[in-house]
Every structure is written in C-alpha cells, then in structure tokens.
Amino acid sequence: MLLNRIHLDVRCREARRDLSDPYQLHSTLCRAFSAPDIKCPEGEFLWRLEPEADVRGYPRLLVQSRSAPEWGRIGVPGWLADAEPAVDMKERLKLDALRPGQRFRFRLRANPCVCRDGKRSGLLRLEDQTRWLERKAQLHGFLLPKLAAFDLSDLSQDTVDVAVSQEKTLRGNKHSGPGVTVFSVLYDGILSVAAPVSFKEALQNGIGHGKVMGLGLLSVVPVAW
C-alpha cells in the first residue's frame, strides 16, 4: 500500500481539464498503473484532490496504490509539477500490529447517500452526513469518539469529533454515455480502531461509492493521548 503525493501544474491545459473533471482525472491516473493496451486493474488505486495547495498554488493529489506508479506513462509534458517519494503505508502505520483502541486523525472525502427507488441521493443535512459516517465506521472497524469523552463538557454527549466541510457536487464526463454526478463532503476528525482486520481493509479498499471520482480514500495519521 503505497502513498504518493503529487502536484499538478495548472499551466498545463490537460492538467486544468483533469482538475475540472474528476472522471477524466481518474482516467489519466490509470495510465500510470497500466500499459496503454491493458485496462487498469480494478481497485488498483484510490485518490483524492486535497483542499490544500503547495506554496506555488499547485493542487495537491494523494494517490494510494497497490503497485508503484510510472508517471511517465501519462505522456503529457508539464502535467506533473512534482512527485514526492512514495511512502509504504503498511510499514509507516504498522498495519500488521494494529490493536483496538488506537487513535488516528483521519480525512475522508466521501459520498454520504441513501438509496431510494434504486437511485442514490446525497444526504444534505449535517446530522444525516454524520450518521452516515457513524454507520460506515461500524461496518469498517472503527469508532468516532464523542467530544464529551475528552472533557469538553459544554458540548452535547451526541457530538462526534468530526468536522464536515466542502460540500460539492462532482461532475464528470465519460467518453460515451451519460455523465457522472456525485455529491461529496470532506470529513476530518479523530477515530479509534475497533476491529483491526476490518479497519485495515477499509484503508486498503476505501469507503463508500464514487471511487473513480476521487472519493473513498481514508487517510490516517497516528495520534497519542
């Protein structure tokens, strides 16, 4: 499980196009993980466009992959501004030694939704978005600690230590067929591990729908209490 941090050069026309169309950005990234005549393996990578840019104003992209990318395969001069050395997250996070109760700071851009009449509808209310994440946490082996547990007595016992921001509707254009529209929000907060095996799978495979649109990547950093 390799984590790659890259920056795109907004002076490049193709980079600007990809930044405005997450479906096309995913398609471009696929070229780094497969030969031109071979389809990119399903689940080979997850990615997320970060809200923060570098000091030059170049957008930052996180790409978590099973194998090492070959950025030269993208084949667009100037598309990539720079790429930091890949980080082995299995070693960095000591995933084979995870234990219940470990706490991590996390970030997740996801599609909180409900299925009605066979169609997914985005959840627009904050409380519904938070409950969606709590349900996913139960499925994927982690818990969202309550703020009250950290002696913040002025807050409700039902308040979860999660910030929800950057609501946006992502739109992508396929080469053929109808376009893709996905509602998304950005979650930032603290979690604790409940079931190490399920949590490890969530880190590797992502959470929720819309992964080709840059959703589902659960990024974590250990915190000490």
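The values are calculated or read from the model by the stated rules, or taken from the named source; none is laboratory data. Not measured: the values here are computed from a predicted model. Reconstructed Cβ throughout: ideal geometry from the backbone, glycine too, with neighbour counts over all protein chains shown.
So which residues in region 107-128 are in contact (Cβ under 8 Å) with a residue 24 or more places away in the chain and over 22 Å from PRO22 (Cα atoms), if there are any at all?
Within region 107-128, LEU126 is the sole residue that qualifies.
Among (1) at pLDDT 90 or above; (2) out of contact with any Leu (no Cβ under 9 Å at 6 or more places or on another chain); (3) under 25 Å from SER198 (Cβ atoms); (4) not β-branched (Val, Ile, Thr), there is one condition ARG171 misses while meeting the rest; what is its number?
For ARG171, the failing item is (3).
Tell me which of these ARG99 doesn't satisfy, since it passes every other one: (1) among the basic types (Lys, Arg); (2) free of Cβ contacts under 8 Å to residues at least 24 places away in the same chain; (3) assigned to a loop (DSSP other than H, G, I, E, B).
(2)
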